[in-house]
Amino acid sequence: MPESAVESGEESALALPEISGFDLLTHVHRPDDFIAFARRGLFAYDWSDVHRPYSQVLGGYELQARPLRLRHLTELPAPLQAMAAATRLPGVLFGISLVVPVRLAGA
């Protein structure tokens with residue numbers, strides 16, 4: 001997905017009204033962005049391997065915050081619905097899967 005589409009999706013998501021409390025699963029200095037997504041009924045995952053030694057990498061996106069009330073796909077504006085539909089991954093249950101594994105092309 002082009003970077004501009006990702007940035008546009010992030011801006012659109014953060015423009016949604018807050019509807020939920022949240023469960024914060026990370027202990028970072030500034031969890032504001034993760035909390036902002038969860039308050040809007042969205043899961044917040046992050047690539048946290050960048051901060052780990054190679055022997056401890058997870059190889060995926062790690063759940064940082066989850067909403068207490070989920071925003072249903074039908075509650076999203078059409079462009080966000082399309083982005084969300086594109087993230088359906090076999091074997092991944094968003095919010096339950098603590099790590100969403102990533103397999104790099106050619107790996």
Taking the range 29-54 and keeping only residues that are part of a loop (DSSP other than H, G, I, E, B) and either within 17 Å of ILE96 (Cα to Cα) or touching a helix residue (DSSP H, G or I) at 6+ places or on another chain (Cβ under 8 Å) (or both), one is left with ARG40, GLY41, LEU42, PHE43, TRP47
When the range 83-92 is checked residue by residue, the ones that are loosely packed, with under 15 Cβ neighbours inside 10 Å and under 12 Å from the mean Cα position of the chain (by Cα) are THR87
Here the qualifying pairs (Cβ atoms under 9 Å; residues six or more apart or on different chains; first in the range 88-102 and at positive phi; second modelled with pLDDT under 80 and in a strand (DSSP E or B)) come out as GLY91/SER97; GLY91/PRO101
If we ask which residues in the range 64-78 are in a helix (DSSP H, G or I) and surrounded by 12 or more Cβ atoms within 10 Å (Cβ to Cβ), their number turns out to be 1
Flag if GLU11 is of a type in the set (D, E, K, R) and at pLDDT below 95: yes
Residue hits (the range 19-28; part of a loop (DSSP other than H, G, I, E, B) and either in contact with a strand residue (DSSP E or B) (Cβ under 7 Å, 6 or more places away or on another chain) or hydrophobic (A, V, I, L, M, F, W, C) (or both)) are ILE19, SER20, LEU25, THR26, VAL28
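Considering only residues that are of a type in the set (Gly, Ala, Ser) and in contact (Cβ under 8 Å) with a residue 12 or more places away in the chain, look in the range 55-78 and name the one that is farthest from SER97 (Cα to Cα).
GLY59
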The residue that is nearest to GLU18 (Cα to Cα), considering only those in the range 29-82 that are among the β-branched types (Val, Ile, Thr) and more than 12 Å from the chain's Cα centre (by Cα), is THR74
Taking first residues from the range 29-40 that are small (Gly, Ala, Ser) and second residues anywhere that are in a helix (DSSP H, G or I), the pairs with Cβ under 7 Å that are 6 or more apart or on different chains are ALA36/LEU14
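The values are calculated or read from the model by the stated rules, or taken from the named source; none is laboratory data. Every value quoted in this text rests on a predicted model; they were computed, and no experiment measured them. Virtual Cβ from ideal backbone geometry, glycine too; neighbours counted across all protein chains shown.
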